[in-house]
2 protein chains.
Amino acid sequence: MKNEAICKRDEDFAQWYTDICLKAELMDYSSIKGFIIYRPYGYAIWENIKNYLDKEFKRTGHDNVYMPVLIPESLLQKEKEHVEGFAPECAIVTKGGSEELEENLIIRPTSETLFCEHFAKIVKSYRDLPKKYNQWCSVVRWEKTTRPFLRGSEFLWQEGHTIHATEEEAREETLTMLKIYKDMAKDLLAIPMVTGRKTEKEKFAGALETYTIEALMHDGKVLQSGTSHYFGDGFAKAFNMRYLDKNNQQKYVYQTSWGLSTRTIGAIIMVHGDDNGLVLPPYVAPTQVVIIPIKQEEEGVLDKAYELEATLKKQGIRVTVDSSDNRPGWKFSEAEMRGIPVRIEIGPKDIENNQCIIAKRNTGEKITASITNIVDDINNTLEVIHNEMYDKALKHLNDNIRKVSNYDEFKNVLTDKGGFILADWCGDENCENKIKEETSATTRCIKGDSQGKCIYCQKDAKYEVYFAKSY
Amino acid sequence: MKNEAICKRDEDFAQWYTDICLKAELMDYSSIKGFIIYRPYGYAIWENIKNYLDKEFKRTGHDNVYMPVLIPESLLQKEKEHVEGFAPECAIVTKGGSEELEENLIIRPTSETLFCEHFAKIVKSYRDLPKKYNQWCSVVRWEKTTRPFLRGSEFLWQEGHTIHATEEEAREETLTMLKIYKDMAKDLLAIPMVTGRKTEKEKFAGALETYTIEALMHDGKVLQSGTSHYFGDGFAKAFNMRYLDKNNQQKYVYQTSWGLSTRTIGAIIMVHGDDNGLVLPPYVAPTQVVIIPIKQEEEGVLDKAYELEATLKKQGIRVTVDSSDNRPGWKFSEAEMRGIPVRIEIGPKDIENNQCIIAKRNTGEKITASITNIVDDINNTLEVIHNEMYDKALKHLNDNIRKVSNYDEFKNVLTDKGGFILADWCGDENCENKIKEETSATTRCIKGDSQGKCIYCQKDAKYEVYFAKSY
C-alpha cells in the first residue's frame with residue numbers, strides 16, 4: 001500500500017524531503033522563519049545520537065559543561081578570522097529588562113570565545129591540562145535560505161572544546177573525535193562517510209585545519225555532517241591562554257573544537273528514505289518494532305500482541321503495539337512513513353500456529369517466524385537490516401566516486417551523475433573559486449597528495465581532492 | 001583538617017555559599033552579569049537530576065521536544081497576565097544577520113506561548129489528546145540581583161507542557177508532576193519538601209493554580225524548588241486550542257505546565273553543606289567514593305587502590321582514585337570540599353590486613369572494613385548516608401515549622417528563628433502584602449482550610465498558610 005500523500009523521491013527530491021519531515025512528524029515550522037520545532041519523533045532520533053556520542057565523549061575523558069547563551073560583542077571580536085566568519089549571521093540582543101544594553105550581546109553562533117575566556121581564567125599550570133570539555137546546546141546563525149535540519153537559523157548540536165599542553169596531543173584529539181563521528185555514522189546511522197581535511201577556503205573560521213565527515217545523499221549531492229578543528233595556538237595567543245610548564249616556563253596551549261548537529265537527521269532521511277517515507281536504521285530508530293494485530297477484535301489477538309510487546313521490551317527492544325481502530329493497511333502505511341525498521345503482523349491464524357509475520361521496512365521482505373524464538377529473530381533481523389542499509393549506502397557511495405582527468409569530464413560527470421568527483425588540484429584558491437563559480441561544485445575534502453595536473457589551470461597539482469555539489 | 005579557604009557557615013551564610021560554589025568548582029562567573037558557567041562538577045550534578053527526572057517523565061508517558069529559543073513579541077503578548085508577568089525580564093533581539101528585525105524577538109523566559117501555538121496547530125480531535133511534552137533547555141530572565149544557581153539571568157531547567165480533554169485529567173497531571181518533584185527531592189537530593197498550593201498573589205503568571213515544593217535552608221530561609229501549574233482553559237481560549245470531541249463538538253483543552261531548574265543545586269548546598277564545604281547526597285553525587293592511597297609510593301599501594309576502584313566501578317559505583325602527588329591531608333580536604341560522600345583510605349598496613357578505612361563525609365565517622373565485602377559495605381554505607389542526611393534535614397524542617405497565634409509572635413519567631421511559620425490568613429491580598437512589606441516574609445503555600453482568625457486583620461481566616469523569608 002503506497003502512501004499517496006508524499007511526493008515521489010525521483011520526481012522532486014526537495015519536495016519529497018520536506019514531505020517526509022512533516023508527514024513523519026519529525027518537525028514542524030514555528031512562526032519565525034528558520035526556527036523549527038523538533039517534534040517527539042524527530043527529537044527522539046536526536047536523543048539516540050546524543051546518547052551514543054555522550055557515552056563516547058565520556059569514555060574518552062571529556063566532561064560536559066554549560067556556557068552562557070550570550071556572548072559580548074567585544075569578546076566575539078577578539079579573534080579576527082573567527083569574527084569575520086560569524087558576524088554576518090549574528091542575532092543581536094540590544095535590550096534587557098526594558099533597558100538598552102551598554103554593549104550588544106550575541107546569541108552564540110558557536111562558543112569558542114566563551115571557552116577561551118574561561119580556559120584562560122582556570123588554567124595556570126601543566127597540572128591543569130588537558131581540559132576536554134563538551135556542551136550540548138542550540139546555536140543561532142541568521143540564515144537567509146533555510147531547510148528543516150539541513151540549514152536553520154537555530155539548530156541543536158554538541159560542541160567540544162579542548163586545550164592541551166602539546167601540539168601532538170591536540171592534533172591527536174582532532175583526529176580521535178573525527179573517528180568517533182565516523183564510527184557513530186556507521187554504527188548508528190548506517191551511513192558511510194568520506195573523511196579528510198578541508199581546504200584553506202572551506203575550513204572553519206579561525207582554525208588551522210578542519211577535518212570533516214561528508215555523506216552522499218540519494219540525489220547525488222553531498223552533506224557535510226560533522227567537523228573537527230585543530231586551532232594550533234591562534235586563539236591561545238588572542239585570549240592569552242598560557243600555562244607554566246614543568247620547567248616553570250610560560251607556554252601557550254594547543255586547542256581543538258569539534259561539532260555535530262541535527263543536520264545528521266537530514267542525512268538519515270536523504271540517504272535511506274524511499275517513496276513510502278522514512279527508512280530508519282534500527283539502532284537510531286525511536287521505535288524499532290511495531291506490532292500490528294490482524295483482526296484485533298477477535299478474542300486473544302490483542303492479548304497476544306501485548307504479550308509479544310512485553311517479551312521484546314524486556315530484552316531492551318524498542319517496541320510498540322498499534323491497537324488504534326484504523327484498518328491494518330492504514331497502520332502499515334503509517335509505520336512505513338515513520339520508517340519503523342520491523343513490522344510484526346499477528347492474527348488469529350498466526351496465534352493458532354504459534355507464529356507471526358516479520359516484515360522488513362528496508363526491503364519489504366516478509367518471513368514467517370516462530371513466536372518461541374522471537375527475541376533472537378528480532379535481534380538478528382535488526383542487525384541484518386542495519387547491515388543491509390549500510391551496505392546499500394556504501395555501494396551507492398562507491399558507485400558515485402568518479403576520478404576525472406580533465407575539466408570537461410568534470411563538468412559532464414557533475415551534470416549527468418553528481419556524486420563525489422575526485423580531481424587533481426594545484427592548491428590555488430583562485431582555481432577553487434573559479435570551479436565553484438562555473439559549476440557550483442565545491443571542494444569537500446582533500447584525499448591526499450597528487451603528482452598530476454590541476455583540473456582547472458593544468459599546472460602541477462598538489463592535492464587529489466573530492467569535489468561535489470553540497471547542501 | 002579544616003579547609004581555611006572558605007568562610008564559616010554560621011558567620012556569613014551568603015559568603016559561605018558563594019565560597020562553596022567557587023571552591024568546589026561547581027560554577028564560575030562569565031563576563032556577563034547573571035550568566036554563569038556550569039563547570040563539570042556542577043553540570044554533572046544537574047545531569048544526575050536530569051537523568052532521574054527524564055526517566056520518570058518517560059515512564060509517565062511524556063515525550064521530549066525542542067521549541068525555538070526565540071518568541072515573537074506579539075506571540076508572548078497573546079495571554080495578558082502571562083506577558084505582564086514576564087515583560088519586565090525579557091532579553092530582546094532587535095537585529096538579525098546585520099539587519100533590523102521587523103518584529104522584536106524575545107529569548108524565551110518560559111515557553112507556554114510556543115507550545116500553545118504548536119498545540120493549536122496539531123490537535124484536531126479527541127484522538128490527538130492528551131499531548132504530554134517536556135523540554136530540557138535554558139531560559140533567560142533579566143534579573144537585577146543575581147546569585148549562582150539561586151537567581152540567574154540564565155538558568156537550565158525542564159519545562160513540561162501538557163494538554164488534556166478534561167479538567168480532571170489536567171488537574172491529576174498537575175499533582176502527579178508535583179509528586180515526581182517531591183519524590184526526586186527525597187530520593188536523590190535527600191531533601192524533604194513542604195508542598196502545597198500558592199496563593200493568588202504568588203501563583204504563576206497566567207495559571208489558575210500553582211503548586212510548589214519548598215525546601216528549608218540551613219539559615220532558616222526557604223527556597224522554592226519546583227512548581228506545577230494548572231491553567232484551566234485560559235491559554236486554550238487565548239490561543240484557540242480546540243478539539244472535536246466524540247460527539248463532534250468543539251471543546252477547549254485543559255492545560256498544565258511544570259518546571260524544575262538548576263536552583264535545586266543551590267538547595268543541595270544550603271541544606272547539606274558544612275564548614276568543610278559541600279556535602280553531597282550519595283545518589284546525586286558525580287563521584288560517590290574517592291579512594292585515597294596512604295604512602296602511595298610504597299610498592300603495591302597504588303595497584304591495590306586501582307584494583308579496588310575497578311571492583312567498585314564494575315558494580316556501578318561512581319568511584320575515583322586520587323593518585324596526585326599531593327599529601328593525603330590535602331587530598332582529604334579537597335574531597336571534603338567537593339562533598340564526596342565516602343572516602344576510602346588504604347595504605348600498606350591495611351593491605352597486609354586485607355582491609356581499608358571507610359570515612360563518611362556527612363558525619364566524619366570512620367570504620368575499618370574488610371576488602372572482601374567492600375562492594376556490599378560501600379553500597380550499604382551510601383544508603384546509610386543518604387538516610388542520615390534525609391533524616392537530619394527532616395528533623396531540621398520539623399523543628400522549624402512553628403504555628404503562631406498572633407502577629408507579634410509571628411514577627412518574633414521570624415526574627416529569632418526563621419523557618420516556616422504556620423499562620424491563619426483571611427485570604428485577602430492586602431493582608432498578604434502588608435505582612436510582606438512589614439516583615440519581608442511571603443506566603444510559601446497553603447496548608448489547608450482554617451476556622452481561626454487572620455494573623456493580620458483578625459477577621460475570619462480562610463486558610464492556614466506557610467509563611468517564610470525566601471530566596
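Here's the yes/no breakdown for (1) within 17 Å of the chain's Cα centre (by Cα); (2) within 10 Å of another protein chain (Cβ to nearest Cβ); (3) on the phi > 0 side of the Ramachandran plot; (4) not in a loop (DSSP other than H, G, I, E, B):
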position: A:Lys132; (1), (2), (3), (4): no, yes, no, yes
position: A:Ser138; (1), (2), (3), (4): yes, yes, no, yes
position: A:Lys144; (1), (2), (3), (4): no, yes, no, no
position: A:Gln158; (1), (2), (3), (4): yes, no, no, yes
position: A:His161; (1), (2), (3), (4): no, no, no, yes
position: A:Arg171; (1), (2), (3), (4): no, no, no, yes
position: A:Met177; (1), (2), (3), (4): yes, no, no, yes
position: A:Ile180; (1), (2), (3), (4): yes, no, no, yes
position: A:Met184; (1), (2), (3), (4): yes, no, no, yes
Residues of the range A:345-355 being more than 13 Å from A:Leu302 (Cα to Cα) and either open to solvent by less than 20 Å² (accessible area, probe 1.4 Å) or over 39 Å from the mean Cα position of the chain (by Cα) (or both), which ones? A:Lys349, A:Glu352, A:Asn353, A:Asn354
Within the range B:48-61, the count of residues that are buried (at least 19 other Cβ atoms within 10 Å of the Cβ) and in contact with an Asp or Glu (Cβ under 9 Å, 6 or more places away or on another chain) comes to 1
Some residue of the range A:93-104 being crowded, with 19+ Cβ neighbours inside 10 Å, touching a residue at least 60 places away in the same chain (Cβ under 8 Å) and either acidic (Asp, Glu) or within 24 Å of A:Trp157 (Cβ to Cβ) (or both): no
For the range A:147-155, does any single residue satisfy the condition of being within 23 Å of A:Lys237 (Cβ to Cβ), open to solvent by 10 Å² or more (accessible area, probe 1.4 Å) and part of a strand (DSSP E or B)? no
Counting only residues that are of a type in the set (D, E, K, R), give me the strands (runs of 3 or more DSSP E) lying completely in the range B:202-258 with at least 2 of them. B:209-216
In the range A:433-471, anything in a loop (DSSP other than H, G, I, E, B), open to solvent by less than 20 Å² (accessible area, probe 1.4 Å) and under 10 Å from A:Ala423 (Cα atoms) is listed as A:Ser450, A:Cys454, A:Ile455, A:Ala461
Among the residues of the range B:374-391, write down those that are of a type outside the set (A, V, I, L, M), open to solvent by less than 70 Å² (accessible area, probe 1.4 Å) and within 28 Å of B:Asn353 (Cβ to Cβ). B:Asp377, B:Asn379, B:Thr381, B:Glu388
Flagged in the range B:26-45 as assigned to a helix (DSSP H, G or I) and more than 8 Å from chain A (Cβ to nearest Cβ), in numbering order, are B:Tyr41, B:Gly42, B:Ile45
With the first residue restricted to the range B:353-374 and required to be in the same structural domain as B:Gln296 (by TED's automatic domain parsing) and closer than 18 Å to B:Gln288 by Cα, and the second required to be of a type in the set (Lys, Arg) and assigned to a strand (DSSP E or B), Cβ contacts under 6 Å at 6 or more apart or on different chains are B:Ile357/B:Lys366; B:Ala359/B:Arg343; B:Ala359/B:Lys366
Would you please name the residue that is most open to solvent (accessible area, probe 1.4 Å), looking only at residues in the range B:218-234 that are of a type in the set (Gly, Ala, Ser) and over 23 Å from B:Ile49 (Cα atoms)? B:Gly234
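Table: residues versus (1) in contact with a Gly (Cβ under 9 Å, 6 or more places away or on another chain); (2) within 11 Å of chain A (Cβ to nearest Cβ).
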{"residue": "B:Lys50", "(1), (2)": "no, yes"}
{"residue": "B:Leu53", "(1), (2)": "no, no"}
{"residue": "B:Ile71", "(1), (2)": "no, yes"}
{"residue": "B:His82", "(1), (2)": "yes, no"}
{"residue": "B:Glu89", "(1), (2)": "yes, yes"}
{"residue": "B:Leu105", "(1), (2)": "yes, yes"}
{"residue": "B:Thr110", "(1), (2)": "yes, no"}
{"residue": "B:Lys124", "(1), (2)": "no, no"}
Looking at A:Thr212, A:Thr227, which one is touching a Lys or Arg at 6+ places or on another chain (Cβ under 6 Å) and polar (S, T, N, Q)? A:Thr212
Could you check how many residues of the range A:105-129 are within 16 Å of B:Tyr29 (Cα to Cα), in contact (Cβ under 8 Å) with a residue 60 or more places away in the chain and among the small types (Gly, Ala, Ser)? 1
Conditions first: (1) open to solvent by 20 Å² or more (accessible area, probe 1.4 Å); (2) in the same structural domain as B:Thr443 (by TED's automatic domain parsing). B:Phe410 passes all but one, so which condition is the exception? (1)
What tally of residues in the range A:1-25 results from selecting those that are surrounded by 22 or more Cβ atoms within 10 Å (Cβ to Cβ) and either in a helix (DSSP H, G or I) or within 11 Å of another protein chain (Cβ to nearest Cβ) (or both)? 4
Of the residues A:Ala190, A:Ala185, A:Ala215, which single one is modelled with pLDDT of 95 or more, open to solvent by less than 10 Å² (accessible area, probe 1.4 Å) and in contact with a His (Cβ under 9 Å, 6 or more places away or on another chain)? A:Ala190
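The values are calculated or read from the model by the stated rules, or taken from the named source; none is laboratory data. Given the structure is predicted, the values throughout are model-derived calculations rather than measurements. Cβ: placed from backbone, ideal geometry, glycine included. Neighbour counts: every protein chain shown. Calculation scope for accessible area: heavy atoms of the full protein, side chains included, ligands and nucleic acids excluded. Shrake-Rupley method; radii C 1.70, N 1.55, O 1.52, S 1.80 Å.
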